[in-house]
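Quick notes on the structure that follows.
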Amino acid sequence: MGTIFGIPPQALFGQLLLGLINGSFYALLSLGLAVIFGMLNVINFAHGALYMMGAFVAWLLLNQLGIGYWWALLLAPLIVGAFGVVLEKTLLSRLYKLDHLYGLLLTFGLALIVEGAFRHQYGVSGQPYPIPAELSGGRNLGFMFLPNYRGWVVVASLIVCISTWIAIEKTKLGAYLRAATENPVLVQAFGINVPRMVTLTYAFGVALAGLAGVLAAPIYQVSPLMGSHLIIVVFAVVVIGGMGSIIGAVLTGYGLGLLEGLTKVFYPEASNIVVFVIMAVVLMVKPAGLFGRER
C-alpha cells in the first residue's frame with residue numbers, strides 16, 4: 001500500500017480516529033458547558049470533576065454492586081445529575097445576580113473538593129474498566145483496524161450532541177429555555193416554573209459530563225485526575241466555538257479533535273498546543289468565538 005503525503009495510510013487514519021475519539025469527548029463536555037453557560041450564565045469549572053465522577057460511579061457500580069456498563073450508561077448520568085441538583089439548589093442559585101467570576105471561583109473550589117475527595121479515597125492510580133463483551137474486538141476496514149468500542153463512542157457522542165441541539169434549537173421546550181435566559185420574569189408570567197427549569201438545565205448539563213465519563217471509562221484509566229487533565233482543553237474548545245453556543249461547542253469539539261490528530265501525524269511536537277494556538281488566533285480575529293454573539 002502506498003503513502004498519503006509521505007505518511008502510511010494506517011498511521012494517518014489511526015491518528016484521525018484517535019482525534020475523532022478525543023473530539024467526541026471534547027464535543028460532549030463542551031456541549032454541557034455551553035448549555036450551562038448559555039442558560040445559567042455560570043462558567044462551570046467543576047465540569048471536569050463531574051466527568052471524573054461519572055467514570056467513577058460506573059466503576060463503583062460494577063465493582064461494588066455488579067451493575068454492568070449498559071445500566072451504568074443510564075444510572076451514572078442520573079446520579080451525577082442528582083448531585084448537580086444539590087449543587088445548584090444549595091450553592092449556585094445564590095450567585096446568578098453576581099459577576100461571572102463568583103461562579104467561576106465557586107465551581108473551581110468545588111472541582112478541587114470533589115477531586116480531592118476521590119483522590120483521598122482511591123489514590124491517584126488509574127483503575128481499569130472492562131470493555132463490554134458486546135463491543136469487544138474490532139473490524140478490518142482495509143486501510144485500518146477499527147475497535148468496535150471506539151466506533152461506538154463516536155456514534156453515541158454524535159447522537160447525544162445532535163439530539164441536544166435539536167431539543168434546544170428546534171422544540172418548544174428549547175424556546176422556553178432560551179426565552180428564560182433573556183426575560184425570566186416574562187416567562188414566569190406564562191405559568192412556567194423558571195427556577196425549576198434552571199435547576200434541571202444545570203442537572204442536564206452535568207449529566208452530559210457524567211455520560212462522557214462512563215463512555216471514557218473503558219478507554220482511559222478511571223482516575224481522580226482524568227477530569228483535570230481534560231478540562232483546560234475543553235474550555236479552550238468552548239472559547240473557540242463561542243461561549244454558550246451549542247452548535248459552536250459541538251462542531252469545534254470534533255474539528256479540534258481531528259486537527260489534533262493530524263498534528264500528531266505531521267508535527268507531533270505541536271500536538272499538545274495546537275488547540276491553544278487556534279484559540280489565540282480566533283480571539284484576535286473574533287473575540288466572541290467562531291459561533292458566538294457579541295454581548
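The values are calculated or read from the model by the stated rules, or taken from the named source; none is laboratory data. Here the structure is a predicted model, which means the values were calculated and not measured. Every residue, glycine among them, receives a Cβ derived from its backbone with ideal geometry; neighbour counts consider all protein chains shown. SASA here: full protein model, heavy atoms, side chains in, ligands and nucleic acids out. Shrake-Rupley method; radii C 1.70, N 1.55, O 1.52, S 1.80 Å.
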Practice problem: Among the candidates GLY116, GLY138, GLY103, single out the residue that is touching a strand residue (DSSP E or B) at 6+ places or on another chain (Cβ under 6 Å) and among the small types (Gly, Ala, Ser). | Solution: GLY138
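Matching residues to (1) modelled with pLDDT under 85; (2) touching a Ser or Thr at 6+ places or on another chain (Cβ under 9 Å); (3) buried (at least 24 other Cβ atoms within 10 Å of the Cβ):
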| site | (1), (2), (3) |
| --- | --- |
| ALA217 | no, no, yes |
| TYR220 | no, no, no |
| LEU225 | no, no, no |
| LEU230 | no, no, no |
| VAL234 | no, yes, yes |
| VAL237 | no, yes, yes |
| VAL250 | no, yes, yes |
Quiz item: Just wondering, is there one or more residues in segment 55-67 that are within 21 Å of PHE235 (Cβ to Cβ) and in a helix (DSSP H, G or I)?
Solution: yes
Self-check item: Residue list for segment 268-290, filter: open to solvent by 20 Å² or more (accessible area, probe 1.4 Å) and polar (S, T, N, Q)
Solution: ASN272
Quiz item: Does LEU31 satisfy the condition of being in contact with a helix residue (DSSP H, G or I) (Cβ under 8 Å, 6 or more places away or on another chain), under 30 Å from ALA288 (Cα atoms), free of Cβ contacts under 8 Å to residues at least 24 places away in the same chain and of a type in the set (A, V, I, L, M)?
Solution: no
Quiz item: Which fully enclosed helices (runs of 4 or more DSSP H) of segment 101-190 have 3 or more residues being open to solvent by less than 30 Å² (accessible area, probe 1.4 Å), within 30 Å of PRO9 (Cα to Cα) and in contact (Cβ under 8 Å) with a residue 60 or more places away in the chain?
Solution: 148-170
Quiz item: For segment 191-207, which residues satisfy the criterion of being surrounded by 20 or more Cβ atoms within 10 Å (Cβ to Cβ) and among the basic types (Lys, Arg)?
Solution: none
Quiz prompt | Enumeration of residues in segment 252-267 that are without any contact (Cβ under 8 Å) to a residue 60 or more places away in the chain and open to solvent by 70 Å² or more (accessible area, probe 1.4 Å) | solution = TYR267
Quiz item: Condition test on LEU74, is it over 19 Å from PHE37 (Cβ atoms), exposed (fewer than 15 other Cβ atoms within 10 Å of the Cβ) and modelled with pLDDT of 90 or more?
Solution: yes
